[in-house]
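Visitor: Could you have a look at this structure, given as structure tokens, before my questions?
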Amino acid sequence: VSQPGRPLPVPDDRSREFWAAAAAHSLVLACCARCATFSHPPGAVCPHCGSIDPAFEFLPVDGSGSVRSWTVIRQSFLAGFDTPFVLVDVELSAQPDLRLIGRLVDGPDAPLHLGAPVRVTFEDVAPGVSVPAFVLEPVS
Amino acid sequence: MSGRMPSSNRVAVVGFAQSQVERHAASTLGALAVTTARRAIADAGLGPKDVDGFVTASLFPSAGAHAAVDGVSLVSANWLAAHLGLNPAYAAGFQGFGQLPGAVSLAVNAVVSGAADYVLVHRALHNPKGAYHANPMTEARGEQQWTVPQGYFGPLAMMALTYTEYLERYGAAREAMAAVVVEARKNGSRIPWSYWHTRPISADEYLSQPMVTDPICRLDCDLPVDGVACFVFTSAERARDLPHRPVFVAGYAAGAPIRHRLPLHWPLDDVMDVGMQTARRLWDRSGIGPAEVDLPQVYDGFSPFVYLWMESLSLCPVGEAHRVVLEGGIDSDRRGALPVLSGGGALGNGRMHGVPQMLECYLQLSGRAGERQRPGVSVGVACHSSPHYGGAVVYSAEPF
């Protein structure tokens, strides 16, 4: 799925563990050590308990979720993306209202509806750099 | 605080000027701002030296890689005052969303507090050469690292997610949005300074547009332009001595998202939950209820905002705006309809960021709308930005 030229994330103190895990195709998210609640993206203050020292731990989360919305990008303002492609707004099952936005690798013709089940996958975009994306769960 | 603002109806708009709205103006944005400011000050029956307060929100709303240069791509309050040769007692810029209601709130506060007697509020918008939002970044740092590597970037994708949610949840049809865009362009086509003057469109033209960012097509987006608008504010007392009928600021309100989100992530529930809070705050502070508003002017920088503001302001039930629109409920030429885009909005004028809404309230309530004058209008609401990030101002023809 490699698309050379896509903008690459620049890990920093708040995101290093997230991107390191992504490179190994594992989804980890920041969990506040004070209130044991995930927040994404992690910030200076825990949005749940207000701690200014959330001491975030990056814990693996179940990568399943449901589609809350979507769009098809037919003209990208960013370089490196082949169009069209689909973006989905996903509520992860790990915690209510915990959201990730990513590409749906099934492509623009995939049938979508609110609540459609998806699970996380990863796109390898450069050596050592992978980006979370989603794939539709097969209809059971 | 709660209840009616002590400043309600104590400050008024007493003059205005609006430049021609063009794709690319012949002069620099700064020069256009100076010219427009001089016209507005004269329109208010004042001289430049009378103006002792300058307020704006100077944001250059491009996601592209263009430089933001004062006097060229944006115009700050300080820049404008300096280039009018003035040393004002008060100059301020509003930071954040809902730029125009935010700037109006600063102007009202400055007049009521006595920080300034006559405040010029301006808004200057620039359309740079080249693609407006295109950004050649190869690295995504800071907040952008969470969304840009996935290809989620810019306001179209942001709005598209919110709009998909609306369409799916309420079963709205694209034909309804055609009615919104046709209405905006119809009204804009009647406004001499509008970029779209004499250029209405048909529903078929809208419906035949290709998608850019599903379900958003080009005609759902306002067009980037060069344009400047200025308004002069002063106290209700001083307004009595000036040539035009004053239009009073009955109240204003703004809001801010309460949920922690990814950059540019605007779930429908976030928009509406905070939008309803902002509307309650607006009615409470202005002493006006939605049923008393005869000139609601909703923001439409992206067409879906029309539904979101109509519903936030309780002009119709939540989830019903698309039906109201489809049944002709916002047709400004129809008796009994809600003329929510009578001023043409951003879709009918160009990307003037809340100016068309405010200007329509001023022109109609001061009786200066000329051939477009609507009879018997008394209370207007001018909205800007998203209901959950932006704000709104209630204007009144009488100081009730």
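Visitor: Looking only at Cβ-Cβ distances, which cysteines of chain A have no other cysteine closer than 4.7 Å?
Guide: Within chain A, the cysteines lacking a partner Cβ under 4.7 Å are A:CYS31.
Visitor: Still on this model: Going by a ≥ b ≥ c, the root eigenvalues of the Cα gyration tensor, does chain A fall in the rounded group (a/c under 1.5), the prolate group (a/b larger than b/c) or the oblate group? Mind showing how you got there, number by number?
Guide: Working: a/c = 2.02, a/b = 1.37, b/c = 1.47.
Cα axes put chain A in the oblate bin.
Visitor: Once the dipole of the stretch A:98-140 is set up with Lys and Arg at +1 and Asp and Glu at -1 on Cβ about the Cα centre, which of A:PRO111, A:ILE101, A:VAL139 lies farthest towards its positive end?
Guide: A:ILE101
Visitor: Taking trypsin sites (Lys or Arg not before Pro) as candidate sites, keep only those in a DSSP loop with at most 12 other Cβ atoms within 10 Å, then name the longest stretch of chain B containing none of them.
Guide: Working: sites that count: B:ARG23, B:LYS129, B:ARG240, B:ARG334, B:ARG335.
Excluding the exposed sites themselves, the longest stretch runs over B:130-239.
Visitor: Give the Rg (one decimal place) followed by the Dmax (whole number) of the stretch A:4-77, computed from C-alpha coordinates and expressed in Å.
Guide: In order Rg, Dmax, the Cα atoms of the stretch A:4-77 give 14.8, 43 Å.
Visitor: Taking a ≥ b ≥ c as the square roots of the Cα gyration tensor eigenvalues, with a/c under 1.5 meaning rounded and otherwise prolate when a/b beats b/c, else oblate, which class fits the stretch B:146-280? If you can, show how the numbers build up before the last one.
Guide: On the way: a/c = 2.13, a/b = 1.33, b/c = 1.61.
In terms of gyration-tensor shape, oblate.
Visitor: Given a Förster radius of 51 Å and the C-beta distance between A:ALA55 and B:ARG174 as r, what FRET efficiency does 1/(1 + (r/R0)^6) yield to the nearest 0.05? Display every interim value, and only then the final one.
Guide: Numbers: r = 49 Å, r/R0 = 0.95.
FRET efficiency, A:ALA55 to B:ARG174: 0.55.
Visitor: Counting other C-beta atoms within 10 Å, and keeping those with at most 16, which DSSP coil GluC sites (Glu not before Pro) do you find in the stretch B:258-350?
Guide: Passing sites in the stretch B:258-350 are B:GLU320, B:GLU327.
Visitor: Could you tell me what fraction of 2.2 N^0.38 Å the Cα radius of gyration of chain B comes to, as a two-decimal ratio?
Guide: Ratio of Cα Rg to 2.2 N^0.38 Å: 0.92.
Visitor: Using a simple spin-label model with points 7 Å from Cα along the Cα→Cβ vector, what separation in nm is obtained for B:ALA65 and B:THR198?
Guide: 4.0 nm
Visitor: What's the exposure ranking of B:THR234, B:THR35, going from fewest to most Cβ atoms within 10 Å? Working shown, then result.
Guide: On the way: B:THR234 27, B:THR35 15.
Result, fewest neighbours first: B:THR35, B:THR234.
Visitor: Still on this model: What span do the alpha-carbon atoms of the protein assembly as shown cover on each of the three principal axes, reported in whole Å from largest to smallest?
Guide: For the protein assembly as shown, the Cα extents along the three principal axes come out at 73, 49, 47 Å.
Visitor: Taking beta carbons within 10 Å but only from partner chains, what does the mean come to for residues B:260-267?
Guide: 5
Visitor: If you don't mind, another one. Taking the Cα centre of the stretch B:160-312 as origin, sum charge times position over the Cβ atoms of Lys and Arg (+1) and Asp and Glu (-1), and report the length of that vector in debye to the nearest 20. Write down the numbers at each step before the final one.
Guide: Numbers: 15 positive and 20 negative charges, 94 e Å.
For this selection, approximately 440 debye.
Quick note: the coordinates plus some simple rules give every number you see, no bench work behind them. The shown structure was predicted, so the numbers you read here are calculated from the model rather than taken from an experiment. Note: ideal-geometry Cβ built from the backbone for every residue, glycine included; neighbour counts use all protein chains shown.
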